[in-house]
1. I'd like the FRET efficiency for Gln31 and Ala149, computed as 1/(1 + (r/R0)^6) with the beta carbon distance as r and R0 of 30 Å, rounded to 0.05.
2. Skipping prolines and chain starts, which residues have an amide H placed within reach, meaning under 5 Å, of the one on Val121, given they are 5 or more residues away or on another chain?
3. What full-extension length gain, to one decimal in nm, is calculated for Ala127 and Ser170 as 0.36 nm per residue of separation minus the Cα-Cα distance?
4. Diagonalise the Cα gyration tensor of the range 106-195 and give the resulting equivalent ellipsoid semi-axes, square root of 5 times each eigenvalue, largest first, whole Å.
5. Return the carbon/sulfur percentage of the accessible area of the range 137-195, one whole number, probe 1.4 Å, all protein chains in place.
6. Please list 134-143, 176-185 highest first by mean number of surrounding beta-carbon atoms within 10 Å per residue.
7. Taking the convex hull of the alpha carbon atoms in the range 35-101, what volume per residue do you get, in Å³?
Amino acid sequence: MNEMRAIGLDIGTTSEGGKMTTVTIDGTVIQEMVHSALGFSAEKSTLPGAQEARHAIAGGDCIACEYLRYGLSKEIGQYLGLIDTSVQAVYAFEPEYAAGALHLDSTDPGVDQGINLIVAVDRKNHALDSIVASLADSMKEGVQSLLCANANGSCCALDVKVVDGEELASRRGYGALVTSLHVPPIRLWTRDDLA
């Protein structure tokens, strides 16, 4: 991801206590993320380029679509880490595997696809919640033209679970999943990546 899109964010506050009222993600940020993820999908699917990946995904190529989702996950993880200093790490996970609904050796497609992330923070904050909500809305619009005829509402939906240091240390909720031995999430980004 380029540093030029590191901000692309407009945050408005009210005069009453500084509560978050609006967060707007610049549309070019999402377009750049999608373009980069299409390039990743093309590379991993052995397609000539991003445009061919776009056509393959729109035509129903589920493998190219999974690479697109993974590429978008990486882009979003890096973006969140750059935009909010409380973010320490970002992980991708598959809810069905994590809950034991599907086995890792299953040939059945996942029920709930989408972009499922766990964001580990040193402290939870409402600004991050607003950024995530805005990203989810912007991502939905940004990938709409890519979806094939068989796509459902969750194919590229963004679902982010935020966990803080206490939840990680006590292995509560999604904090337990981060250190799971059986179904660990995939680490996409850490604050150490900036060093």
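1. Step by step, r from the Cβ atoms, then E = 0.80.
2. Under 5 Å from the amide H of Val121 lie the amide H atoms of Gln88, Val163, Asp164, Gly165, each far enough along the sequence or on another chain.
3. Details: separation 43, 0.36 × 43 = 15.48 nm, distance 2.45 nm.
Additional length available on full extension: 13.0 nm.
4. They are 26, 19, 12 Å, listed largest first.
5. About 49 percent, which is the carbon plus sulfur part of the accessible surface.
6. Final packing ranking: 134-143, 176-185.
7. On the way: hull volume 6.4 nm³, N = 67.
So the per-residue hull volume is 96 Å³.
The values are calculated or read from the model by the stated rules, or taken from the named source; none is laboratory data. Fair warning: this is a prediction, and the values are worked out from it, not measured in the lab. Backbone-built Cβ (ideal geometry, glycine too); neighbour counts: all protein chains shown. Areas reflect the complete protein model, heavy atoms only, side chains present, ligands, DNA and RNA absent. Shrake-Rupley method; radii C 1.70, N 1.55, O 1.52, S 1.80 Å.
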